[in-house]
Amino acid sequence: MDVKENLAKNLIKYRKSKNLTQAELAEKLNYSDKAVSKWERGESFPDLSVLKQIADFYGVSVDTLLSDPSSAEIKPQKEKTRARRTILCFCCLGLVFLVAICSFAFIDILFPSIEETWLSFIYALPVASVILLVFSCKWKKRAFTAIFISTLVWTVILSLYLTLNTVLTAPPSKLWEIFLIGAVLQVLVVFWSIYKKVKIKKTER
């Protein structure tokens, strides 16, 4: 297997390990997706400076990119990355609910007449959904993005419903109809996720 073929296979392997399309990788490298496609097909070879840029992006050496792909395992690196991301995600979620607990405790202590302090935990749900959504977008986890958008929609609707139902002395009898807004938004999320999936497939062809 020659160097050009090694590079082509390694480029495909490392790109897929990052869950990137050719177009997304090209955008990060400030190159065209056609150039990336040629590299991965072994039809052309990137300049040395570009090769170094690619190696730095994937956190490997240039020698690794040019070596036999069967001898360069990326699984341990993927597992470490996944572990770091999981820890970071749980830390951020823990911080959100810590703030919710502190808000609940301080308001309950300082203003005992307020009976709606439990809403602080309800408000933490959409905030947590936003954090999960940001992480899924940043880490290119498309399978979870639609799920977290849906979670954000429904937790916001739930927060609004419980707030109005609790704060208003005489909440409207048809207050439940705000959940219809969530149903419409949910349908839009489904269509959006289908559209993105189709668009990505076309880009990868």
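The values are calculated or read from the model by the stated rules, or taken from the named source; none is laboratory data. As the structure is a computational prediction, the values presented were derived from the model and not from experiment. Glycine also receives a Cβ, built like all others from the backbone with ideal geometry; neighbour counts cover every protein chain displayed. Note: accessible area is taken over every heavy atom of the protein model, side chains too, but ligands, DNA and RNA are not part of it. Shrake-Rupley method; radii C 1.70, N 1.55, O 1.52, S 1.80 Å.
Quick notes on this structure:
- Residue satisfying condition, being over 30 Å from Lys16 (Cβ atoms), surrounded by 13 or more Cβ atoms within 10 Å (Cβ to Cβ) and out of contact with any Ser or Thr (no Cβ under 7 Å at 6 or more places or on another chain), within set Phe135, Phe97, Phe104: Phe97
- Candidates Lys34, Lys9, Lys28, filtered to the one that is touching a Pro at 6+ places or on another chain (Cβ under 9 Å), within 29 Å of Lys197 (Cβ to Cβ) and open to solvent by 80 Å² or more (accessible area, probe 1.4 Å): Lys9
- In the range 123-132, the residues that are farther than 22 Å from Thr166 by Cα and open to solvent by 60 Å² or more (accessible area, probe 1.4 Å): Val130
- When Ser71 is tested against (1) at pLDDT below 85; (2) farther than 23 Å from Lys138 by Cα; (3) surrounded by 15 or more Cβ atoms within 10 Å (Cβ to Cβ), only condition (3) is not met.
- Residue ID - farthest from Lys80 (Cα to Cα), chosen from residues in the range 23-50 that are in a helix (DSSP H, G or I) and in contact (Cβ under 8 Å) with a residue 40 or more places away in the chain: Asp33
- Qualifying residue in the range 152-159 (condition: of a type in the set (S, T, N, Q) and under 30 Å from Glu24 (Cα atoms)): no
- Which listed residue is in contact (Cβ under 8 Å) with a residue 40 or more places away in the chain, buried (at least 17 other Cβ atoms within 10 Å of the Cβ) and not acidic (Asp, Glu), from Ser150, Ser120, Ser159: Ser159
- Considering (1) at pLDDT below 90; (2) over 30 Å from Leu20 (Cβ atoms); (3) open to solvent by 80 Å² or more (accessible area, probe 1.4 Å), the lone condition that Tyr195 does not fulfil carries the number (2).
- Within the range 3-22, residues that are within 18 Å of Leu48 (Cβ to Cβ) have Cβ atoms under 7 Å from residues that are of a type in the set (Lys, Arg) and at pLDDT 85 or above in these pairs: Ala8/Arg41, counting only partners at least 6 apart in sequence or on another chain.
- Residue selected from the range 100-130 under the condition farther than 20 Å from Val153 by Cβ, among the hydroxyl-bearing types (Ser, Thr, Tyr) and not in a loop (DSSP other than H, G, I, E, B), by the criterion nearest to the chain's Cα centre (by Cα): Ser120
- Residue check, Lys80 modelled with pLDDT of 85 or more and loosely packed, with under 15 Cβ neighbours inside 10 Å: no
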